Structure formats: C-alpha cells, structure tokens
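The values are calculated or read from the model by the stated rules, or taken from the named source; none is laboratory data. Bear in mind that the values here come from a model prediction, so they are computed numbers and not experimental data. For neighbour counting, all protein chains shown are included, and Cβ atoms are generated from backbone atoms with ideal geometry for every residue, glycine included.
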Amino acid sequence: MPIITISRGTCSGGARLAEELHKRLGWKVLSQEDVSSAAAKAYRMTEQELFRGLYLPANFYERFTHRKTRYLLATQATVTELLDDGNGIYHGLAGQFLFADLCNAFKVRIVAPMEYRIETAMQRFGLKRDEARRHIRDADEYRSRWGRQIFHADITDADLYDLVINLEHVPINRAATMITEIMEGDDYRPTAQCVQEYRDFALERRIKAELFFNSPFTPDISHVEVRDSEVFLSGDKAFAVAESGLVDFVGKVRGVEKITTDHGTVGAVDIRLDPAFALSSRDTTARDVMLPPERYPHCQLSCTIREAIVALSASAVKLQDGYIMLPRYVLVLDDGDRLVGVVSRRELLKGLIPHLRDDRETEAHIKELIPFAASMPSELMIRWTSLFSRAAVEASKAPIQSVMVPIKGTVQVDDSLSTVISTMLYHGVDLVAVLEGEKVAGVVLMTNIFDIVAQFIMEYGQPIGSDGGMDDDDG
C-alpha cells in the first residue's frame, strides 16, 4: 500500500514516469493540479491561493499568514483522502516532505540531462532554446530556494529519497519497471502496523485540516493526536473553555469513532460533555486567549511608515469562524521588546499626506471624474489626491514615531478574562496588549473574546434549572 512520491527538476519527466507506473501498477496518479483542485473545494480557498502558498518561497511575513501550515494540512489531508487505500502515485511539489515519516512512502528523485530538459521545455511551452534554458535555470533556482526556506532542506540531497534515477543512463520505461519490481517485492508488502500508521496519519490530518479551515475555533487551541484510530484532544485553559464544542465538532469528522480528553472518553455518537466544563472560563486568563506576538503584526520603533504598511498588508489573523481577518493595527516595540505605541490604518494613511499645497488643476480634474466631488471640501480632496503621488512615497519614509499613538489599556498575562473584557469596554478598544512584566507577550482581540462568549451563550443558554446544570449559585 505504498504512496510513491516523485520529485524532479523542471521538465525532467516526472509526469511521464507517473503514467508509466500507472500502466504497470494500476494505482491512481495525482498531480499538483489534481490535489489543488480538490483541496480548494474542501477548504474554501482558490487553487491559485493554494499553489502560491506552496510555490512562493517563504519570507519574513510567513509567520503572519501560516502559509506553510495551510499548505501542509490542505495537501496532506487531500492526498490521503484521494488515496484512501494508501496506494497511489503523487508527482506534485513537496511529496518527499509531506509523507517523509510514513512507512508506506517510497520517495523517488529524477535527475535528467539538461539537453533532455531543454527539448521538453521547447516542445511543451513553445520556447526557443535560449528561452527554454533560462526558464529551467530560473525554475530550478526558485525550487531550490523554496526548499531551503520552507523545509530547511536541499531538495537535491539524495538522503531525502529512497531512490534517485538519472534519466541520462536509465530511460523512463526501465525506471518504471525497476520501481514496479520494488513495489511488488516483499519489502513493500503492507503490514498491519503500517496500514494502521497510514490510517492514523490520514485521520489526524483530516481532523487538523477541518479544525484549521472549517471550524469556529482558532487553529492552535487544541493538540490533536491519533493512535490506533483513537483521537486524543488536549490543550490549555482555552481548550477547556471550548472543550465541549471541540469534541462535538471533531466527532462529526468522517472516520472518528472515539475521542479521549482529560475528562474521559466518548464515542462519536455521544459527543457531549458536562456543561460544568465550559464554565471553567472563570479561571481563564489573558495568557490562555491571547495571540502570541508572532501572530500579530508589529515593528520596531526604528521602522518607517512604509515598513509598517508592508507588515500590516502582509499579515492575517484567523478568526473563530474560520475566515481570515486583516488586522487593523501594528504594534510598535522598542529594542527591548517593550510596547511603546500602536498604529492603526487611519494613522498610517494620515502619515502619507504631505503638506497641503495649492493644486487647483488636480482638484478640477477630480471634480470632473467624481460626481460628488463638488460637495467635498477642497482640503479633503487635496489630501486624497496626495496619497497617490511621489510626495506620499517620500512621506512613507518618515519614522513610525511620527504617527504612532499611545496604547489605551493593557493587561498582564495572568489577569482574568473578566479583566480583559473590562479593559476593552472601559477604553473603547477592540485590541488589548498582554504584557509579561514590561514586554509584550501577546494581544487579545475583541473578536476572540466575543466568539468565546457567544459560543457559551448559544450552547448553554437554556433557562435556569433546565438540563444545562446551572443553578442560582452559578450566576
């Protein structure tokens, strides 16, 4: 029941080898396009988004977008869903990393001579010889950089593979025959332990992907592990608050039959915990519900307005309802990682407005284009047009200190959830910085707090004295 993964350079014959193996073994073949299409439908994203998440090398903003996590979960869950019996051939990107630790993964690397690759690129893309050579060189460099930055590995390292084939010496037909003989040998006959390992791997990835993409919970609220088909869920106090809902959600994932938490074991047909567990939110602290600093945009006091705009534009926060939210603020830290201020989108835009100038010609032009422009104050119109000018670009080089404002209200990591909510309401803010001493430990968003409260109200909002188990003393 092996999964054969095929890694290759650009135009090196990976698809041809996959088809030859299909003829001999009869196993399903999956390309990157097949997986991207299925994953996009299952996890509410576009194929382009998924492909870009994999193909674009990681950069400074990876920590804001969870691109690697999103790709890994979506691809692993989709491949194992499509290859339900564990037999298949995958010649998409990163197969050597996605299934590296599975006992049923057979990882192949193809190396082809440059002339072979040039001819292939010329035929496939209609390129001239020099164009084909340049295309291959650029694509290889891109893949190499991608492997180093995403997986911290050299994709040409032979130690990553079970078999490396040089097509200059071994033609594709012979390579397919050789791999088929290995697959049909005793070494790759499925054992009961290997079959179980694959099933556990597939179910665990399916659960994690559903929690990440399709659940109302934050991705890191629960640790998920599957052993011998039994699902184990665990976490900190934030997990305890949402435990009943989490167990209920996971219990509906296909293939889940038994779930164990610190409070016991339940079957998939009886997924309901004592409501008293949900009331543990009284002991929840800011530490339990905050986002760590790396999950929220921030910059140093020495950064410029432009750098803050880039950090904000490249960031994303996953909401409780599963959607991605673009944050409204950038935290400003000093060299000691102490919080010294915050900048909103509004302040950043104000920082781009250059000194007012007499620009009657521009104003007249705008009034011709915008029907309601005549009713706009001249000062506002000049400010608006100046955001799209060289002056705005120059203004973006100003230090962030020129636009940042003081933080309104902070809490400490051990402050209660009630203190966090009170701080937000008192100061009229939807973000509270969480400090550990003087250093920023994280941030709490109003969205997170509201989702926790809303979940509790919706789940346990029946009348006092009903089956919910709450009495007068429960408040």
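Things worth noting here:
- If the condition is being surrounded by fewer than 16 Cβ atoms within 10 Å (Cβ to Cβ) and over 34 Å from the mean Cα position of the chain (by Cα), then the stretch 124-139 contributes 126, 128, 129, 130, 131.
- Test: residue in the stretch 22-30 that is farther than 24 Å from residue 189 by Cβ and touching a residue at least 40 places away in the same chain (Cβ under 8 Å): no
- Residue within the stretch 19-27 that is buried (at least 16 other Cβ atoms within 10 Å of the Cβ), aliphatic (A, V, I, L, M), at pLDDT 90 or above and more than 30 Å from residue 311 (Cα to Cα) present: yes
- Some residue of the stretch 38-52 being surrounded by 22 or more Cβ atoms within 10 Å (Cβ to Cβ) and modelled with pLDDT under 90: yes
- Single residue of the stretch 395-417 satisfying the filter (more than 13 Å from residue 349 (Cα to Cα) and part of a helix (DSSP H, G or I)) that is modelled with the highest pLDDT: 401
- Verdict on residue 420 being at pLDDT 85 or above, under 21 Å from residue 243 (Cβ atoms) and either touching a His at 6+ places or on another chain (Cβ under 6 Å) or buried (at least 19 other Cβ atoms within 10 Å of the Cβ) (or both): yes
- Cβ-Cβ contacts under 9 Å between residues 6 or more apart (or on different chains), taken from a first residue in the stretch 164-193 that is over 14 Å from residue 21 (Cα atoms) to a second residue that is among the small types (Gly, Ala, Ser) and loosely packed, with under 12 Cβ neighbours inside 10 Å, are listed as 164/158.
- Those residues of the stretch 234-249 which are in a loop (DSSP other than H, G, I, E, B) and of a type in the set (Gly, Ala, Ser), in sequence order: 235
- Residue that is surrounded by the fewest Cβ atoms within 10 Å (Cβ to Cβ) [pool: residues in the stretch 99-123 that are assigned to a helix (DSSP H, G or I) and touching a Leu at 6+ places or on another chain (Cβ under 7 Å)]: 116
- Count of the stretch 198-223 residues which are surrounded by fewer than 19 Cβ atoms within 10 Å (Cβ to Cβ) and either in the same structural domain as residue 417 (by TED's automatic domain parsing) or under 28 Å from residue 291 (Cα atoms) (or both): 5
- Wholly enclosed helices (runs of 4 or more DSSP H) of the stretch 125-233 bearing at least 1 residues charged (D, E, K, R) and over 30 Å from residue 245 (Cβ atoms): 129-151, 172-183
- Residue 366 modelled with pLDDT of 85 or more and either in a helix (DSSP H, G or I) or in contact with an Asp or Glu (Cβ under 7 Å, 6 or more places away or on another chain) (or both): no
- In the stretch 425-475, of all residues being at pLDDT below 70 and surrounded by 15 or more Cβ atoms within 10 Å (Cβ to Cβ), the one that is farthest from residue 409 (Cα to Cα) corresponds to 468.
- If you go through the stretch 124-165 and keep only what is more than 26 Å from residue 178 (Cβ to Cβ) and modelled with pLDDT of 85 or more, you end up with 126, 127, 128, 129, 130, 131, 132, 133, 134, 135, 137.
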